[in-house]
Structure formats: C-alpha cells, structure tokens
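The values are calculated or read from the model by the stated rules, or taken from the named source; none is laboratory data. Model, not experiment: these values are computed from the prediction. All Cβ positions, even for glycine, are placed from backbone atoms using ideal geometry, and neighbour counts span all protein chains on display. Only protein heavy atoms, including side chains, enter the accessible area calculation; ligands, DNA and RNA are left aside. Shrake-Rupley method; radii C 1.70, N 1.55, O 1.52, S 1.80 Å.
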Amino acid sequence: MELYKNTSDLRPGILLKEDVFVKTKYPIMRKDTELTPEHLYALRAFGVTRVKVEERVAPDKLTDEDKDSQAMSTADMLKNMPISRETLRKQYYETVRNFKKEFMGWRSGAKVDIAKVRQTVLPLLESFATRKNMLISLNELSESKDYLYHHSVGVGILAAAISKQLGYPSGDAMQVGLAGVLADVGMAKIDPQIIEKSAFLSREEYNEVKKHTIFSFQMLQDTPLLRKEMKLAVFQHHERLDGSGYPRGDKLESISGYSQILAVSDVFHAMTSERIYRSKQSPYKVLEMIKEEEFGKFDIKIVQALESLIGNISIGTRVKLSDGDMGEVMFIHRDAPLRPLIKKLPTGETVDLASKRSLSIEKVLEQ
C-alpha cells in the first residue's frame, strides 16, 4: 500500500514511491529505493519531513538451520579479519624497500628473480585485498624521492584489486598483480639521470624512456613463473585502445584485457602520486579525467571496476574538498557517485558537487 509517511516514522526496508528533491539538480533519492539507515539519516539531515512510500512485509525470521548455514567459525573470522591500517602501512613500506633492493640489482646487470619478487610482493597484494578501503590512500603512501619503486608496487596492488573486482579467480588476480609490479623492470636499463630528472623530459629523453616496455618484456620473456599472457600485458601496458600508445600503437582488440588492467592501474597511480616535477592530484579528480578526458583510450569496464573500488564513499564520510574546506557526505547520486551532496563543516552549507563542477573531493579523512 502506497502512502505518505513522516520521515520520523520510517524504518529500513520501506520502498520510496517517488523521487525526492531538495533544491538539487538531481533527486537525492530515486523512486523504488529500498530505504537503509543511511537513507533515513540523509532524509532527516536535509529536513525532508514527508515522503511517499510503500509498506513492505518484513521477511520471516531465520530458521535455526539458516542460522547454522550462515554461521562463521572463530577461525574463519580471524582468517578473514582485515589487518590494521598501521600494520598495512608498515608492510607496504617494507615491500617497497625490498623491491628497491631488487631493482638496484637489475640495474647492475642481475637477472630478475621472479620467485623472490613474488615472495616479496604477494603478501602485500593479499593484505590489500582485505583492506580495499586503503586503496584510496596509495597516493599518500607514495614518496616522490623513490617514486619508481612506489609506483611499481602501487600498480601491482591496483591491478590485483581491479582483477578481483572484475571477478577473476584469486590466482589469476595475483598473477596480474605480479605483472603490474614487474611492468617497469625495464626502467633498470634506462639512464638513471633520465629517470630521476627533476624537470619534464625532452623529446629525446622521453623516447628513451618509452623503450622500457620492450626492455621489461625482454627481461621477463624466459621465466616460466610468469604466464605468457602476463608477459604480453607487461609489453602492452602503455598501449591505448585508440592507437595513441606505445611501443607499437596497437588498437582495440589487439590489446589484451590484462594489458588494459595494467594500463588503467599505471595511469591512475601515476596521476595521483607526488612526483619530483609534479604534485599529486585527487584520486576522485583523476578518475573523472580518465572517464571523460581520456575517454576512448581505456576499457570502460575496467575503469568502472576501479571506480567501484576507489569511489565507494558512504554517507557520513568526512572529506576534504579541493577548496580546502572540510565536509560530510550527505547523499550519493547513483549516476554521479564521485560527486555527492556535501554539508560543509562547521558552517552547515550544503554543496551539490554534481552541479558545482569547479569543486571536487580532495581526500577522504580517516575516521
């Protein structure tokens, strides 16, 4: 039965039967939304007093058999419990330090020991799989001084996470993550003065850097510990669907899906990280740029998977905006999740980022 009810009388599980607008371009909630505690919080925060709803019958209570089937043992709970933020930070920096040691060996002419790299990085990739909310902090963990090593580890983390988000089995996701970590091993063959230059590269220097994809492939081609399709992904991770990439200018179906995962991971981490010659950009702004300004270069399904991981902001989250102000997420637009409704703190001013394009989320503040 459809009827209008006072917001104070609503409860989770009730269906909205009309769009709800609050002086906004888009409705803050759409018809047929099943109300959750977060929706109820947002309605009250915006001063909505009455909405049209449909009462729904609450499901029967779970039987004892259902409870048993859903129960999780203490061991399973401990196994699936995500590690702490600080522990993950320490594990990250230790992995970067170990990767740097390996890279210095390659620069001196040593062969890539895939088994050792895998042993170094896989525990970190698996740890991030239990703390997806930490993916948004990768750009804060990265340091400009050792950018190359942070970038390799960061690309591996993102590539593994995106692969899992796309539904790949865990083993495949870890192989893609390992390929992401190894994608830039060929940089060991590039003049360090070019790599560590604190200004933009000349055309000649950039052309030299572009050779790293070929060098990476050559350094990895003989190992049996990395699948053939992953070696191709390393070779193609700077190719673009519109043919604007390198080293061959491959297009569309000529570029493998694994290659595209590495490509999206690579460009996202690079654009959100502090560099010697460039400051980092907001992950949310970079996602918008990849979707809009770089449209046609990347597989949209992969970009959407990254957006699901990075843009998963919940109501009540505290954020810093690009104008320096702090705010609290009041509601998330289904069609523009990276541009929610924000209540600025402490003024209480409401800003709809979906219509105010000059403003964006700079970072999520730790709770």
- Query: Looking at I162, I194, I157, I136, which one is in contact with a strand residue (DSSP E or B) (Cβ under 9 Å, 6 or more places away or on another chain) and in a helix (DSSP H, G or I)?
  - Reply: I136
- Message: Given (1) among the hydrophobic types (A, V, I, L, M, F, W, C); (2) assigned to a loop (DSSP other than H, G, I, E, B); (3) farther than 27 Å from G296 by Cα, identify the lone condition not met by L201.
- Response: (3)
- Mind listing whichever residues of the stretch 155-202 are open to solvent by 10 Å² or more (accessible area, probe 1.4 Å) and of a type in the set (S, T, N, Q)? Q165, S170, Q175, Q193, S198, S202
- Message: Of the conditions (1) touching a Lys or Arg at 6+ places or on another chain (Cβ under 7 Å); (2) without any contact (Cβ under 8 Å) to a residue 24 or more places away in the chain; (3) among the β-branched types (V, I, T), T272 satisfies every one except a single condition; which number is it?
- Response: (2)
- Task: Considering each of R107, R97 in turn, give the residue that is touching a Pro at 6+ places or on another chain (Cβ under 9 Å) and open to solvent by 30 Å² or more (accessible area, probe 1.4 Å).
- Result: R107
- Item | Condition check for Y258: over 20 Å from N139 (Cβ atoms) and more than 21 Å from the chain's Cα centre (by Cα) | no
- Query: So which residues in the stretch 213-249 are open to solvent by 20 Å² or more (accessible area, probe 1.4 Å) and among the charged types (D, E, K, R)?
  - Reply: D222, R227, K228, E229, K231, R240, D242, R248
- Item | Check on K145, out of contact with any strand residue (DSSP E or B) (no Cβ under 6 Å at 6 or more places or on another chain), surrounded by fewer than 15 Cβ atoms within 10 Å (Cβ to Cβ) and in a loop (DSSP other than H, G, I, E, B) | yes
- Of the residues that make up the stretch 272-287, is at least one within 30 Å of T36 (Cα to Cα) and either among the small types (G, A, S) or surrounded by fewer than 19 Cβ atoms within 10 Å (Cβ to Cβ) (or both)? yes
